[in-house]
Amino acid sequence: MTRKYLYTVLERVYRDVKPDLSDIEYLLGLENEEDMRILFKYAEYVTREYCGDAILLRGIIEFSSYCNNTCLYCGLNKYNKNLKRYRLNKKEIMDSVEQIVSVGIKTVVLQSGQDDELNIDEFTDLITEIKQTYDIAITLSLGEYEYELCREWQKAGADRYLLKIETSNKSLYESLHPEMSYEKRLHCSRNLKLLGYQLGSGCIVGLKNQTISSLAKDVLFFKKEDFDMVSVGLFIPHGKTALKNEPLGNLNLTLKMIAVTRIVTKNALMPATTSIGNIGNSDQRVLALNAGANVVMLNFTPKQYKELYSIYPPNGNINNNAREYLNILEKTAKKINRELDYSRGDSIKQKQKSHV
Ligand code: SAM
């Protein structure tokens with residue numbers, strides 16, 4: 001196909017309210033270096049047009065590694081009996097929140113496995129206390145919970161929720177999540193939307209038996225569900241899971257997926273995921289920022305627990321010293337003509353809707 005055809009497809013995918021599946025498949029299938037460069041550049045323009053030049057900052061606290069889920073790709077899954085599990089107490093969490101605030105970040109992400117032993121009342125009180133102590137946004141990433149409970153957490157002060165669909169292909173989802181239900185995950189996601197949470201979804205690129213067509217459908221799913229945030233991660237095999245012998249996800253395909261998602265969803269907030277920083281010989285999250293991402297998450301889990309939150313094996317690329325990393329990121333941002341944004345970084349979609 002000619003370069004002219006590439007531009008025609010890019011324009012069409014950008015313009016169409018319902019982009020064509022085959023156009024998205026075509027873009028995800030690009031192999032030529034120059035074609036990919038054009039795709040990433042196009043996505044960067046769309047990012048600047050709809051989200052500005054800002055790189056939004058989040059601080060994540062992985063407060064519990066207990067998990068009752070079965071996700072075959074994840075080291076936290078309940079079959080991994082080798083893993084020492086932990087749950088942070090309130091003081092440890094509040095100390096970590098204080099560190100996030102002390103470097104100027106105004107969003108805390110509280111993440112855990114699907115922790116069925118979580119003390120619900122204590123957790124709700126924790127949300128209240130964080131909101132009473134600090135003027136910051138709270139994102140929850142805890143897994144699947146009932147509507148009523150999510151409403152309680154929202155009343156207590158939670159602003160956002162991250163619940164990745166991982167793949168929108170029901171049969172692929174079910175092959176990778178035995179005993180779990182695609183419908184249940186989708187139902188929870190839609191409940192969160194109904195409640196008015198700023199809602200994030202996302203997928204993993206490189207899952208066993210995943211196809212380009214399935215990824216293209218993920219993009220259309222993100223568009224249809226109108227998520228405020230979309231996180232595109234890259235599969236990293238974990239030695240203590242059923243998928244330990246599967247190959248590492250493809251970086252270029254992940255970047256293409258970020259770029260196409262940006263072009264289609266326009267103003268969704270999209271992180272340069274930690275998984276991308278965690279492969280190869282150096283932190284490559286800047287590649288994601290140049291392909292449509294506009295959020296970076298820094299990890300504030302206390303040092304002694306970080307290794308135990310073993311979603312995938314860390315390779316030492318990620319600089320976990322927040323101040324040092326923010327200095328590095330500041331320089332990186334300058335080089336690529338972007339700037340770090342220390343505001344809360346709320347949903348652009350919701351802001352626009354409230355102005356209508
Ligand atoms: N329990 C919560 C839930 O169900 O959404 C959130 C915690 S979960 C450990 C966080 C994310 O890690 C998942 O949404 C998944 O995309 C990602 N993840 C887990 N294992 C991974 C792997 N091997 N490679 C890349 N991403 C992975």
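Worth pointing out:
- 0 to 90° range, to nearest 10: angle between helix 251-265 axis and the chain longest Cα axis: 90 degrees
- Ranked by the mean number of other Cβ atoms within 10 Å of their residues, highest first, the peptides 311-320, 110-119, 203-212 fall in the order 203-212, 110-119, 311-320.
- Computed over Cα pairs, the Kirkwood radius of the chain leads via Stokes-Einstein (1.306 mPa s, 10 °C) to a diffusion coefficient of 77 µm² per second.
- Of the three principal axes defined by the Cα atoms of segment 168-208, the extents in descending order read 33, 21, 12 Å.
- The chain - percent relative contact order, Cα under 8 Å, separation 6 or more: 25 percent
- Cα-based radius of gyration of segment 90-235 once divided by 2.2 N^0.38 Å, which approximates compact folds: 1.11
- For the peptides 284-297, 327-340, 40-53, 153-166, the ranking by packing is 284-297, 153-166, 40-53, 327-340, with the highest mean count of neighbouring Cβ atoms within 10 Å listed first.
- Simple label model, 7 Å out from Cα along Cβ direction - Ile336 to Ser181, nm: 4.1 nm
- Degrees, to the nearest 10: 147-156 long Cα axis against longest axis of the chain: 70 degrees
- Separation of segment 276-291 from segment 23-96 is 12 Å, based on Cα centroids.
- FRET efficiency estimate (nearest 0.05) - Cβ-Cβ, Glu148 to Asn32, R0 51 angstrom: 0.50
- Burial order of peptide ranges 31-39, 246-254 (average beta-carbon count within 10 Å, highest first): 246-254, 31-39
- Accessible carbon and sulfur surface of segment 3-339 relative to its total accessible area, %, 1.4 Å: 49 percent
The values are calculated or read from the model by the stated rules, or taken from the named source; none is laboratory data. All values derive from a computational prediction rather than experimental measurement. A quick note on method: Cβ atoms are made from the backbone with ideal geometry, for glycine too, and the neighbour counts reach across all protein chains shown. Ligands, DNA and RNA are stripped out before the accessible areas are found, and what is left, the full protein with its side chains, is counted by its heavy atoms. Shrake-Rupley method; radii C 1.70, N 1.55, O 1.52, S 1.80 Å.
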